Amino acid sequence: MSAPATSTSPIPSGGKVCITFPEILMLGEFVFGGLVWILVASARVAFPPDQGWVMFVSVFCFVITTLLLILYTAGVQNSSTAWMAVDVFYHFIAAVFYLSCAVLEASDTRFRFFLLNQVHKINIAASVFAFVATLLYTIHAVMSILRWKNTS
């Protein structure tokens, strides 16, 4: 009886997930996404629908990033080549979503500052961290696309 064929993925598994680029960016995505989630949940906003979108994006990306980090550490990406596509698709969508929520949060902060003459440091911090998370997800998406292209 022969051993089942296993597919090796260029996405690292085990402890290498935390020391290999671009997977190490997932730790930053986790931290800055969590900070956006916490700050937006505690901030006052001028437009509640905007806060709802920002909360959805931050919670969704936090949960999926955590799930992917756990799955990659467990090595499930070695069972199929489709995980490369999942990685690229998720990080591209997360980058676009985070860009939209960062712009919305910055716009709400600007509105509160200029029109209502109120300064909200929590909103400013949430905006900055949302842009940092956008940058991290964008870099991860680009590097994942390049890795996928090089393995094809």
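Would you work out what percent of the accessible area of the chain, with all protein chains in place, is carbon or sulfur (probe 1.4 Å)?
75
Under the Karplus relation 6.51 cos²θ - 1.76 cosθ + 1.60, θ = phi - 60°, what is the ordered set of whole-Hz ³J(HN,Hα) values for segment 125-133, x standing for Gly and Pro?
For segment 125-133, the Karplus curve yields 4, 4, 5, 4, 5, 5, 5, 5, 4 Hz.
Which value, in Å to one decimal place, does the Kirkwood hydrodynamic radius take for the chain when every pair of different Cα atoms is included?
Taking every pair of different Cα atoms in the chain, averaging 1/r and inverting gives 16.4 Å.
Over segment 47-93, how many percent of alpha carbon pairs lie in each 5 Å bin up to the one with the longest distance?
For segment 47-93, the pair-distance distribution reads 5, 19, 22, 22, 12, 9, 6, 4, 1.
Is it possible to state the helix-based mean residue ellipticity at 222 nm for the chain, with each DSSP H run of 4+ residues giving -39500 (n - 2.57), the sum divided by total residues, to the nearest 500 deg cm²/dmol? What is it?
After summing the helix terms and dividing by the residues of the chain, the value is -25500 deg cm²/dmol.
Keeping all protein chains in place, calculate the accessible area per residue for the chain (probe 1.4 angstrom), answer in Å².
Per residue, the chain has an accessible area of 54 Å².
Just to be sure I understand: with springs between alpha-carbon atoms less than 10 Å apart, which residue in 75, 15, 28 has the highest mean-square fluctuation in the Gaussian network model of the chain?
Comparing 75, 15, 28 in a Gaussian network model of the chain, the most mobile one is 15.
For residue 80, put the label point 7 Å out on the Cα→Cβ axis and report which residues of segment 126-148 keep their amide N under 16 Å from it.
Counting only backbone N, you get no residues.
The values are calculated or read from the model by the stated rules, or taken from the named source; none is laboratory data. Every value quoted in this text rests on a predicted model; they were computed, and no experiment measured them. Counting neighbours? That spans all protein chains shown, and the Cβs are built from the backbone with ideal geometry, glycine included. Surface accessibility is based on the protein's heavy atoms, side chains included, excluding ligands, DNA and RNA. Shrake-Rupley method; radii C 1.70, N 1.55, O 1.52, S 1.80 Å.
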